[in-house]
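Trainee: Can you read through this structure? Questions will come right after.
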Amino acid sequence: EDQVTQSPEALRLQEGESSSLNCSYTVSGLRGLFWYRQDPGKGPEFLFTLYSAGEEKEKERLKATLTKKESFLHITAPKPEDSATYLCAVGGSYNTDKLIFGTGTRLQVFP
Amino acid sequence: DAGVIQSPRHEVTEMGQEVTLRCKPISGHDYLFWYRQTMMRGLELLIYFNNNVPIDDSGMPEDRFSAKMPNASFSTLKIQPSEPRDSAVYFCASSLVLGQVTDTQYFGPGTRLTVL
């Protein structure tokens, strides 16, 4: 059964304190791994798509990496505006139409 | 493009009443997805359509829930009769079809439903 596990559930950082969020997945043939950001009261906002192990993508203070078993979202020198819930999702070869979502990591960055 | 549009943004109703949620996908997208999000269960896929045809409704909790997509630019999710446990945020998302890989889904702002 395809599965996505995110850790930690919650993370509190001081402004400028770099860290990483983890997304472990079990899927029969990865067809895409997605990172979303969700602010309170809003819909998930697309950040990155990764398709193959070794792939990396960056956007401002965020960098996403992918291995055969997990993905990391690295946050460098975070700012309070980076506070949000970060969701990871995968598409598998059993059904490439659908995404399987993790439960998210709630990030709080304090000034 | 305006992105995925959902209405209403907030809905408060009483138990037993019919509720209709509406969604306009991004123009040109072939897929439309309905999700429900709660603190306890996270983001759950309810149903999705491809070219206006329902493909998988295995996530629809029970017969009280129904969804339609009469054309490429409009979909509805109906709950009749509504119950307090249906209280949640309902999201609509749309995507293109890429075949061998899964395409990015773009989400709407959601409808926060409260059933009293």
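The values are calculated or read from the model by the stated rules, or taken from the named source; none is laboratory data. Fair warning: this is a prediction, and the values are worked out from it, not measured in the lab. Cβ placement follows ideal geometry from the backbone for every residue including glycine, while neighbour counts extend to all protein chains displayed. These accessible areas exclude ligands, DNA and RNA; they are computed on the full protein's heavy atoms, side chains included. Shrake-Rupley method; radii C 1.70, N 1.55, O 1.52, S 1.80 Å.
Trainee: Report yes if some residue within segment A:45-63 is in contact with a Pro (Cβ under 7 Å, 6 or more places away or on another chain) and outside any strand (DSSP E or B); otherwise report no.
Mentor: Yes, that holds for at least one residue.
Trainee: Same structure, new question: Check whether at least one residue in segment B:92-109 is polar (S, T, N, Q), more than 10 Å from every other protein chain (Cβ to nearest Cβ) and open to solvent by 10 Å² or more (accessible area, probe 1.4 Å), and report yes or no.
Mentor: Looking through segment B:92-109, none of the residues is polar (S, T, N, Q), more than 10 Å from every other protein chain (Cβ to nearest Cβ) and open to solvent by 10 Å² or more (accessible area, probe 1.4 Å).
Trainee: Further question on the same structure: Do any residues in segment B:67-78 that are touching a residue at least 60 places away in the same chain (Cβ under 8 Å) have Cβ atoms under 8 Å from those of residues that are open to solvent by 20 Å² or more (accessible area, probe 1.4 Å), where the two are at least six apart or on different chains, and which pairs are they?
Mentor: B:K78/B:E18; B:K78/B:T20; B:K78/B:S66; B:K78/B:A67; B:K78/B:K68
Trainee: Show me the strands (runs of 3 or more DSSP E) found entirely inside segment B:1-95 where at least 3 residues are under 24 Å from A:G104 (Cα atoms).
Mentor: Counting at least 3 such residues, we get B:31-38, B:42-50, B:88-95.
Trainee: In segment A:68-101, which residue that is in a loop (DSSP other than H, G, I, E, B) and modelled with pLDDT under 95 is surrounded by the fewest Cβ atoms within 10 Å (Cβ to Cβ)?
Mentor: The qualifying residue surrounded by the fewest Cβ atoms within 10 Å (Cβ to Cβ) is A:K68.
Trainee: Okay, next question. So how many residues does segment B:19-38 have that are open to solvent by 50 Å² or more (accessible area, probe 1.4 Å) and within 15 Å of B:T111 (Cα to Cα)?
Mentor: 2
Trainee: Could you count how many residues in segment B:98-116 are in a loop (DSSP other than H, G, I, E, B) and either touching a strand residue (DSSP E or B) at 6+ places or on another chain (Cβ under 6 Å) or modelled with pLDDT of 85 or more (or both)?
Mentor: Total meeting the criteria: 9.
Trainee: Name every residue in segment A:24-37 that is surrounded by 13 or more Cβ atoms within 10 Å (Cβ to Cβ), within 14 Å of chain B (Cβ to nearest Cβ) and under 20 Å from A:D97 (Cα atoms), in order of residue number.
Mentor: Of everything in segment A:24-37, those that are surrounded by 13 or more Cβ atoms within 10 Å (Cβ to Cβ), within 14 Å of chain B (Cβ to nearest Cβ) and under 20 Å from A:D97 (Cα atoms) turn out to be A:Y25, A:V27, A:L30, A:R31, A:G32, A:L33, A:F34, A:W35, A:Y36.
Trainee: Let me ask something else. Scan segment A:44-51 and give yes if some residue there is more than 10 Å from every other protein chain (Cβ to nearest Cβ), over 23 Å from A:Q108 (Cβ atoms) and loosely packed, with under 15 Cβ neighbours inside 10 Å, otherwise no.
Mentor: no
Trainee: Moving to a separate point now. Every residue in segment B:42-53 that is farther than 16 Å from A:P44 by Cα and either buried (at least 19 other Cβ atoms within 10 Å of the Cβ) or at the interface with another protein chain (Cβ under 9 Å from one of its Cβ atoms) (or both), please.
Mentor: Just the residues of segment B:42-53 that are farther than 16 Å from A:P44 by Cα, to begin with: B:46-53.
Residues satisfying the conditions are B:L46, B:I47, B:Y48, B:F49, B:N50.
Trainee: Please tell me if B:D103 is acidic (D, E) and closer than 26 Å to A:V4 by Cα.
Mentor: yes
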